[in-house]
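The values are calculated or read from the model by the stated rules, or taken from the named source; none is laboratory data. Fair warning: this is a prediction, and the values are worked out from it, not measured in the lab. Here the Cβ is made from the backbone with ideal geometry for all residues, glycine too, and neighbour counts use every protein chain on show. Remember, those area values only see protein heavy atoms, side chains included, never the ligands or the DNA or RNA. Shrake-Rupley method; radii C 1.70, N 1.55, O 1.52, S 1.80 Å.
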Amino acid sequence: MPQTMIEAEPAKVKVDLGRSALVIIDMQRDFLELGGFGAALGNDVSRLKAAVAPCQAVLAAARAAGMFVIHTREGHLPDLSDAPPLKIERGDPRLRIGAPGPMGRILIRGEPGHDIIPELYPVAGELVIDKPGKGAFYHTELESALKRRNVETLFVCGVTTEVCVNTTVREGNDRGFRCIVLGDCCASYFPEFHTMGLAMIKAQGGIFGWVSTSQAMLVAMGLH
Ligand code: TIU
C-alpha cells in the first residue's frame, strides 16, 4: 500500500497505508444495545447507531486492502479484580458493572453484552484487545502489537467519541502515533459532546491528531 494524502482537519495529511491500522473502539452490545452498560448509565443507546454503517464501510475496505485491523472491548474479569472500586461504585447498584442484566453481567468479559455487535464482528487475523479502562493503551498489549508491525498511523473509529475514542487518541498521540479520527465512524450519547470531542482533537493545529471521514479514507485508498 502506497503513501497517500488524506483530506482531514486541521489539514490534509500524508499517510503510508502500509504502516497504518484501523482501530475500532468498543463497538460492543453493552454500549449499542438496550440492557447493557450504556443504557444502565441512563443513556439513549440509539444515538450510537449512526456510526455502524460508516464503520462497516471502512472495515470492509481495510480487510480488502490487508490493513491491520484492531477491535477493542471495554470490560472486566468476572471476579472484578481488574476493576477499580471507584469505577464500580457509581450509579444505581442494581445496574452497576458486574450486575446481572438481559445480556448477562454488565461489562463483564465473556458475557453476551461484552461482545462486539454482529455488524462489525472480528474475523480471523484481526486483533481483539480487551481493555479495563477507557483508553485502549492502558493495561493492554496494543502499543507492543503496533510497534511490532511498524505501525505509525491509526485510523480511529468507535464509541463514544468523547470517552473511549478521545482517551485512546490522547494515549496514542503521546506514544508517537499519528491518530486520524474518522468522525462519522464515531458517535456519542450526547451529540454536543461528539462535536466537541472531535473539535478538541483537531484544535490548535491538531493537538491530539486529525479528524477525517470514512469517505475521505476510502478515497485515499483509491476506492471512491
Ligand atoms: N459512557 C460512555 O460514554 N462510554 C464508556 O463508558 N465507554 C466507552 O466510551 N467505550
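Surface exposure of segment 162-221, expressed per residue as accessible area with a 1.4 Å probe, stands at 40 Å².
Treating each Cα of the chain as an identical point scatterer and summing with the Debye formula, the log10 of I(q)/I(0) at q = 0.11 Å⁻¹ comes to -0.50.
Please report, to two decimal places, log10 I(q)/I(0) for segment 1-83 at q = 0.17, 0.19, 0.23, 0.24 Å⁻¹ as given by the Debye formula with identical point scatterers on the Cα atoms and no solvent. Debye curve over Cα of segment 1-83, log10 I(q)/I(0) at q = 0.17, 0.19, 0.23, 0.24 Å⁻¹: -0.87, -0.96, -1.12, -1.16. Place a point 7 Å from Cα of Gln56 in the direction of its Cβ. Which residues in segment 140-168 have their backbone N less than 18 Å from it? Backbone N within reach: 157-159.
Full extension of the segment from Glu126 to Leu41, taken as 0.36 nm per residue of separation minus the current Cα-Cα distance, would add 27.6 nm. Highest-first packing order for the peptide set 88-98, 27-37, 69-79, 157-167 is 157-167, 27-37, 69-79, 88-98, based on the mean count of other beta carbon atoms within 10 Å.
Is any residue of segment 196-218 close enough, with backbone N under 20 Å, to a label point placed 7 angstrom from the Cα of Asp174 along the Cα-Cβ axis, and if so, which? Residues 197-210 qualify, since their backbone N sits under 20 Å from the label point. Computed over the chain, the per-residue total of -39500 (n - 2.57) for DSSP H runs of n ≥ 4 gives a 222 nm mean residue ellipticity of -8000 deg cm²/dmol, rounded to 500.
Relative to the 2.2 N^0.38 Å rule of thumb, segment 98-224 has a C-alpha radius of gyration ratio of 1.12. For segment 45-113, the solvent-accessible area works out to 48 Å² per residue, with a probe of 1.4 Å and every protein chain left in place. Within the same chain, lysines fewer than 8 places from Lys202 are excluded, and of the rest, those with a Cα less than 17 Å from its Cα are Lys12, Lys14.
Using 0.36 nm per residue and subtracting the Cα-Cα separation, the extra length available between Lys49 and Met196 on full extension is 51.0 nm. Residues in segment 166-188 near a label at Gln204, defined as backbone nitrogen under 14 Å from the 7 Å Cα→Cβ point? Of the residues in segment 166-188, 170-171, 173-174 have backbone N under 14 Å from the label point off Gln204.
Which percent of the accessible area of the chain is formed by carbon and sulfur heavy atoms (probe 1.4 angstrom)? Carbon with sulfur: 56 percent of the solvent-accessible area.
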